[in-house]
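One structure is given here, and the rest of the page talks about it.
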Amino acid sequence: MPVDYNGTWNMVSNENFEGWMLAIGIDYPTRKIANFLKPQKVIEQNGDNFTMKTVSTFRNYNSTFKMGEEFEEVTKGLDNRTCQTVVNWEGDKIVCVQKGEKNNRGWTHWIDGDQLYLELRCEDQVCRQIYKKSP
């Protein structure tokens with residue numbers, strides 16, 4: 001049985017977010033604002049069906065997917081690109097691959113204790129974020 005990702009997670013650290021945003025093509029003013037934010041992740045999991053919401057005072061981003069099923073994702077509110085996305089289990093990790101204009105784009109989530117880890121990838125940049133589960 002896979003790990004239960006359900007819950008609200010509050011950001012506690014964010015490493016190399018600027019580099020990752022630059023790699024995906026986010027404009028300068030948006031990068032400057034985004035660097036100050038401490039977003040929440042709200043994850044709703046029902047078996048292999050997921051809704052992941054990134055919520056902040058500036059912008060929100062939602063993604064709904066089923067494990068193993070490729071879908072067309074429009075990254076509205078991020079870099080506004082369209083990519084073919086597939087998310088799969090790799091053990092207890094959730095691994096996303098996004099194919100489109102940018103190489104090596106995707107992310108990985110995993111849980112250790114009461115912390116949710118997120119690694120964002122694009123081109124040669126990696127951003128590492130840690131979230132703590134809200135009580």
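What the table shows:
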{"read-out": "From the options Arg31, Arg59, residue that is out of contact with any Leu (no Cβ under 8 Å at 6 or more places or on another chain), basic (Lys, Arg) and surrounded by 14 or more Cβ atoms within 10 Å (Cβ to Cβ)", "value": "Arg59"}
{"read-out": "Candidate set from segment 1-28 (those that are among the β-branched types (Val, Ile, Thr), closer than 25 Å to Gly113 by Cβ and modelled with pLDDT of 90 or more); member that is least open to solvent (accessible area, probe 1.4 Å)", "value": "Thr8"}
{"read-out": "Which numbered condition Thr54 misses (of (1) at pLDDT 95 or above; (2) surrounded by 14 or more Cβ atoms within 10 Å (Cβ to Cβ))", "value": "(1)"}
{"read-out": "Listing of strands (runs of 3 or more DSSP E) fully contained in segment 75-135 that carry 3 or more residues being open to solvent by 50 Å² or more (accessible area, probe 1.4 Å), within 24 Å of Gly47 (Cα to Cα) and not aromatic (Phe, Trp, Tyr)", "value": "82-90"}
{"read-out": "Residue match in segment 91-108 (condition: among the aliphatic types (A, V, I, L, M), more than 20 Å from Tyr131 (Cα to Cα), over 13 Å from the mean Cα position of the chain (by Cα) and at pLDDT 95 or above)", "value": "no"}
{"read-out": "Residues that are open to solvent by less than 40 Å² (accessible area, probe 1.4 Å) and within 11 Å of Val87 (Cα to Cα), drawn from segment 64-74", "value": "Phe65, Met67"}
{"read-out": "Those residues of segment 34-44 which are open to solvent by 50 Å² or more (accessible area, probe 1.4 Å), in contact (Cβ under 8 Å) with a residue 24 or more places away in the chain and either of a type in the set (Lys, Arg) or more than 14 Å from Tyr131 (Cα to Cα) (or both), in sequence order", "value": "Lys38, Glu44"}
{"read-out": "Verdict on Lys76 being among the basic types (Lys, Arg) and within 12 Å of the chain's Cα centre (by Cα)", "value": "no"}
{"read-out": "Some residue of segment 26-35 being over 21 Å from Ser13 (Cα atoms), touching a Ser or Thr at 6+ places or on another chain (Cβ under 7 Å), assigned to a loop (DSSP other than H, G, I, E, B) and among the charged types (D, E, K, R)", "value": "no"}
{"read-out": "Number of the condition not met by Pro2 [criteria: (1) part of a loop (DSSP other than H, G, I, E, B); (2) without any contact (Cβ under 8 Å) to a residue 60 or more places away in the chain]", "value": "(2)"}
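The values are calculated or read from the model by the stated rules, or taken from the named source; none is laboratory data. Bear in mind the structure is a predicted one, so any value in this text is a computation, not a measurement. Positions of Cβ are backbone-derived with ideal geometry, glycine not excepted, and every protein chain shown enters the neighbour counts. What goes into the accessible areas is simple: the full protein's heavy atoms, side chains included, and nothing from ligands, DNA or RNA. Shrake-Rupley method; radii C 1.70, N 1.55, O 1.52, S 1.80 Å.
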